[in-house]
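Read through the structure below, which is laid out as structure tokens, and then see the notes.
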């Protein structure tokens with residue numbers, strides 16, 4: 001009973017068998033400990049690459065959000081001009097609206113073009129250099145028919 005008790009609980013220095021003679025430890029114990037260290041290093045590299053990917057995704061998301069905000073401003077300005085056209089009619093003065101477009105949009109420019117059956121409201125702006133869009137020049141057009 002004593003020898004089976006010792007064989008179940010391994011001692012740090014020598015292993016005992018049921019015949020009470022010492023057994024040698026495995027020759028590759030040193031290599032097994034090093035292998036787990038390599039596993040830890042590889043997993044750290046994988047996690048680092050993953051976190052760098054998440055940081056890059058966050059940066060792209062921020063850029064596209066800024067682009068969306070500017071585009072929303074352009075749409076709101078064009079819609080406000082359409083409302084002014086419907087309220088004031090053909091005698092509309094657009095100088096104040098053009099000034100508002102140039103202030104609220106980066107390099108913004110607003111145009112009102114007379115067409116056969118109505119008007120075309122055209123808002124153009126320059127996206128910032130750090131924009132996520134490929135083409136930095138953006139434009140929004142809205143047609144208004146009376």
Restricting to the range 129-141, name every residue that is at pLDDT 70 or above and either surrounded by 15 or more Cβ atoms within 10 Å (Cβ to Cβ) or outside any strand (DSSP E or B) (or both). 138, 140
Criterion first (at pLDDT 85 or above and more than 30 Å from residue 143 (Cβ to Cβ)) does residue 34 satisfy it? no
Restrict the check to the range 91-101 and report whether at least one residue is farther than 14 Å from residue 138 by Cβ, part of a helix (DSSP H, G or I) and in contact (Cβ under 8 Å) with a residue 60 or more places away in the chain. no
Which ones in the range 115-128 are farther than 14 Å from residue 82 by Cβ and either crowded, with 18+ Cβ neighbours inside 10 Å or in contact with a helix residue (DSSP H, G or I) (Cβ under 9 Å, 6 or more places away or on another chain) (or both)? 124, 125, 127, 128
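The rows are residues; the columns are (1) within 21 Å of residue 120 (Cβ to Cβ); (2) surrounded by 10 or more Cβ atoms within 10 Å (Cβ to Cβ).
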{"site": "48", "(1), (2)": "no, yes"}
{"site": "87", "(1), (2)": "yes, no"}
{"site": "93", "(1), (2)": "yes, no"}
{"site": "97", "(1), (2)": "yes, yes"}
Regarding the range 57-68, can at least one residue be identified that is without any contact (Cβ under 8 Å) to a residue 60 or more places away in the chain and within 19 Å of residue 142 (Cβ to Cβ)? yes
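The values are calculated or read from the model by the stated rules, or taken from the named source; none is laboratory data. Since the structure is predicted, the reported quantities are computational estimates derived from the model, not experimental observations. FYI the Cβ positions are ideal-geometry reconstructions off the backbone, even for glycines, and counts take in every protein chain you see.
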